[in-house]
Structures are given as structure tokens and as C-alpha cells.
Amino acid sequence: MKTRFIMFRRGDVFYSEDMATGKQLSLRTKDESEATTLLHAKNEAVRQPTLNLQIAKAYLAGTDNGVTTRTWQQAIESLTNTKQGANKERWLRVVKDKALTQLLPQVLIETKGETLLKALQMGTVSTNVYLRRLHNFCVDMNWLPWPLVPKRQWPAVRFKDKRSITLEEHQRIIAAEINLERKAFYQLCWHLGGSQGDIAALKGEDVDWQNSTVGFFRKKTGVPVMVHLGKEALSLLKDLPAEGLLFPYLAGVRSGDRATEFGQRCRQLGIKGVTLHSYRYAWAERAKVAGMPERFAMENLGHNSKAVHRAYSKRALVKIPSLEDYEGQAMLRS
């Protein structure tokens with residue numbers, strides 16, 4: 001059988017050339033015996049394609065006993081165990097994604113890239129996001145010897161357009177809500193801009209009346225957040241329990257249940273395109289319009305990334321003063 005690859009040296013480095021295509025690739029070594037071994041492996045891969053996987057397994061099993069049996073199900077369980085709080089809950093929901101049903105029982109090392117692409121085609125934006133993270137986790141753990149889908153070949157993540165809730169929409173919801181606990185909850189979401197899970201878990205002890213602040217740790221990231229309260233927010237908090245949970249019922253239900261109740265109210269009022277998370281977008285946009293320094297707004301929302309924070313506030317309409325106004329202010333200061 002004719003040899004498919006030949007070897008040559010360019011400078012100090014050895015290269016291989018595919019005699020069928022003429023493509024030349026560096027073997028990334030200056031050692032001739034090492035280069036010869038690599039070339040032999042490339043030629044053997046062409047001669048014995050049916051044995052490639054078994055040979056690879058034999059080599060990899062020398063450093064990882066689980067390489068021949070580890071499935072995607074086991075991998076996602078290992079990844080989930082590294083998470084906590086709300087993040088762990090999200091990964092527990094990922095396991096139930098129907099698009100991953102055929103993938104999860106498969107052995108990692110035996111999986112083809114086409115299988116992942118098929119799951120992506122069947123799934124949603126969430127499937128794309130979490131399968132990408134799972135795949136990268138397996139590569140980082142050396143459970144996959146190389147990426148099954150190259151970075152550039154992953155389908156682009158296209159999120160649905162998200163918007164903030166307007167003051168007029170918020171006021172309509174508050175006026176229509178007859179449940180006092182839910183009404184206060186929506187009002188506090190407007191004032192604090194916190195996530196629904198963080199607001200629902202607030203306790204009376206979290207409020208510092210002397211300094212007019214409320215402090216808590218974000219469930220998603222564990223980042224501490226300290227929010228200064230205005231007069232309206234302080235007035236609202238005075239009517240809530242001084243000790244224990246501020247929202248006993250809402251703190252005890254799932255986030256999906258809180259979202260469903262809010263969605264039902266919005267549908268009754270003909271309000272479309274908003275969720276409880278829209279309160280965070282609204283707070284970010286209001287802060288930007290008001291001229292609040294970005295670092296303060298990021299701290300309030302618990303954002304570590306400027307890119308994430310700017311995505312939240314990108315729809316804000318900001319009236320930019322003229323250069324003459326700035327020059328006038330500079331002259332007054334001097």
C-alpha cells in the first residue's frame with residue numbers, strides 16, 4: 001500500500017505532507033525519532049481506520065481509567081456538582097432537555113461532532129448555551145482529547161430580544177394587583193433592580209435603617225450587594241415584617257411559579273414582552289439615563305462584567321449635554 005504521508009525538514013522543524021492533497025503540516029518537533037513516530041501514526045490511521053478508536057482508547061486508558069465508559073450523563077452530573085444555589089438548579093433542568101436525550105447515554109470518547117450538531121438543531125438557545133459549556137468542561141478535564149466541534153463551528157447564540165418594563169406598565173400592574181404581598185414584591189423589584197430570587201429571599205434583618213441600606217448576597221454569583229434606599233423604598237419597607245422573610249409566600253415557591261403569576265397579570269392587562277427579569281433591565285436603563293456612574297450601577301445589580309451590565313442598559317435613551325454646556329461648567333469650576 002502506498003504511503004499517504006511523507007516527512008521532510010524545514011529549518012529545524014519536521015513537517016508532514018499529504019501526498020493525496022499536497023497539504024503540509026508541522027509535526028511540531030525538532031526530534032527526528034519523535035517526528036518519525038508521529039508520521040507512522042498518521043499513516044497507520046489511514047491504513048487501519050476501524051482500529052483508530054480502539055488504539056486511542058488504549059493509549060488514553062493509561063492515564064484515565066474512566067475514558068472508555070464515561071458518558072455525557074456522568075459528565076453533566078460532575079459539572080452540576082460544582083455548582084450551587086440557582087446555578088445548580090439551572091443545570092438540574094438542563095438534564096431534562098429533550099434535545100439531549102440521545103446524547104447523554106453516549107460514551108464521550110465515542111461521540112461524533114455530528115451528534116452534538118444534531119442536538120443543537122433539535123434544541124433551543126438554552127441547549128446551545130449549556131451544551132457548549134458542558135463540551136468545554138469535558139475538554140478542560142481532558143475527558144475529550146480534542147474538541148468535537150471547533151469553536152468557530154458552534155452555531156451563534158441568538159437570544160430573543162429582551163426589554164425593560166416601563167414606568168407606565170409597572171404602575172398598571174401595581175394598580176391591578178390585589179394581593180398585598182405580590183404588590184409590595186413588584187414595587188421592591190422596581191426600586192432595587194434585584195433578581196426575583198434575591199428580592200423574594202430578603203429578610204427584615206437585611207435592612208439597615210440607620211444607614212438606609214439593604215444588603216444581601218446574590219444567589220446566582222454569591223456577590224455581596226449593598227443598595228442605598230430612597231424615601232419611597234424606605235416607606236415601602238416599613239410596612240413589611242421587621243424580622244424574618246419580607247415575602248413569606250413568595251420565598252417558598254419556585255421561581256417559575258413567581259414568573260407564572262406575574263405573566264398572568266401581564267396578560268390580563270395586555271402587557272407583552274416583559275418578565276420579572278425586565279425589572280433589572282429597567283433599573284439599569286433608569287440608572288444610565290439619570291447619569292449614575294457605571295461602577296455604582298454595576299455594584300447595585302451585582303454585575304462583575306461591564307459587558308453584561310451594558311447589555312442590560314443598552315436601550316436607555318440618554319440626553320447628552322452639548323460641548324458648550326461642558327465648557328461652561330468647566331469655566332465655572334475654574
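The values are calculated or read from the model by the stated rules, or taken from the named source; none is laboratory data. None of these values were measured; they are calculated from a predicted model. In this analysis, Cβ positions are derived from the backbone assuming ideal geometry, glycine residues included, and neighbour counts consider all displayed protein chains. Side chains are part of the model used for accessible areas, which takes the heavy atoms of the whole protein and leaves out ligands, DNA and RNA. Shrake-Rupley method; radii C 1.70, N 1.55, O 1.52, S 1.80 Å.
Kirkwood Rh, the range 169-298, all Cα pairs: how many Å?
Numbers: mean 1/r = 0.0656 Å⁻¹.
Taking every pair of different Cα atoms in the range 169-298, averaging 1/r and inverting gives 15.2 Å.
Taking a ≥ b ≥ c as the square roots of the eigenvalues of the Cα gyration tensor, the range 1-47 is oblate, since a/c reaches 1.5 or more and a/b is not larger than b/c.
Taking all protein chains as shown and a probe of 1.4 angstrom, D12 keeps an accessible surface of around 100 Å². Taking amide H atoms as placed 1.01 Å from N in the peptide plane, list the residues 5 or more away in sequence, or in a different chain, whose amide H sits under 5 Å from that of K203. Excluding prolines and chain starts, which carry no amide H, the hits are L246. Rolling a 1.4 Å probe across all protein chains gives D239 an accessible area of roughly 130 Å². Rounded, prolate or oblate: which one fits the range 96-136, using the alpha carbon gyration tensor with axes a ≥ b ≥ c (rounded when a/c is under 1.5, else prolate when a/b beats b/c, else oblate)? Prolate, because a/c is 1.5 or more and a/b exceeds b/c.
Run through the range 204-256 and list the GluC sites (Glu not before Pro) located in a DSSP loop whose Cβ has at most 15 other Cβ atoms within 10 Å.
Numbers: sites: E205, E232, E243; in loops: E243.
Qualifying residues, ordered by number: E243.
Ligands, DNA and RNA excluded, the heavy atoms of L167 present near 90 Å² of accessible surface to a 1.4 Å solvent probe.
Across the range 192-198, computed HN-Hα scalar couplings (Karplus, 6.51 cos²θ - 1.76 cosθ + 1.60, θ = phi - 60°) run 9, x, x, 6, 4, x, 5 Hz from first to last residue, x flagging Gly and Pro.
Temperature 10 °C, viscosity 1.306 mPa s: under these conditions the Stokes-Einstein estimate for the range 146-229, based on its Kirkwood radius over C-alpha pairs, is 99 µm² per second.
Cα extents for the range 59-159 along the principal axes, largest to smallest and rounded to whole angstrom: 42, 31, 22.
The mean of 1/r over all distinct Cα pairs in the range 110-169, once inverted, gives the Kirkwood hydrodynamic radius of 13.3 Å.
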